[in-house]
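Worksheet: one structure, shown below.
The values are calculated or read from the model by the stated rules, or taken from the named source; none is laboratory data. Keep in mind the model is a prediction, meaning the values are calculated, not measured. Here Cβ is always computed from backbone atoms with ideal geometry, including for glycine, and neighbour counts include all displayed protein chains.
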Amino acid sequence: MSTEEHEKLLGSEPEAQAARDEARRRAHERAWALAQRRGILPLRDVKELKGDFWPEDESIDDFLSWLRATRQGDKERSIPE
C-alpha cells in the first residue's frame, strides 16, 4: 500500500492526532460530569488515601498464618472421598 493510499484510508497523522485528542477531551468531560453527579471531589493530598484499618496488636505474620491455614482447610474439604 502506498503512503498516499494509507493516508486516504487512515487520514493524515495531524488529523488522526486531532481526532484522538478530541475523543480524550470528551472522555474526560464525561468522567468529570459523572464524578460531580456522585459528589466525588478531586484528591487534594495523597495522605487521604492512607487507610487506618489494620489492628495494632496483629502482625502481618499472624494474618498470613491465618490465611494459609484457612486456604489449606478449604483444600482439604474440597477433595472428594
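Taking the conditions exactly as written (at pLDDT below 85, within 25 Å of the chain's Cα centre (by Cα) and exposed (fewer than 10 other Cβ atoms within 10 Å of the Cβ)), does residue 52 satisfy them or not?
Yes: the conditions hold for residue 52.
Of 34, 64, 41, which residue is part of a loop (DSSP other than H, G, I, E, B), under 28 Å from the mean Cα position of the chain (by Cα) and at pLDDT 80 or above?
41
Could you go through the range 13-27 and let me know if any residue there is modelled with pLDDT of 90 or more, assigned to a loop (DSSP other than H, G, I, E, B) and either out of contact with any helix residue (DSSP H, G or I) (no Cβ under 6 Å at 6 or more places or on another chain) or surrounded by 10 or more Cβ atoms within 10 Å (Cβ to Cβ) (or both).
no
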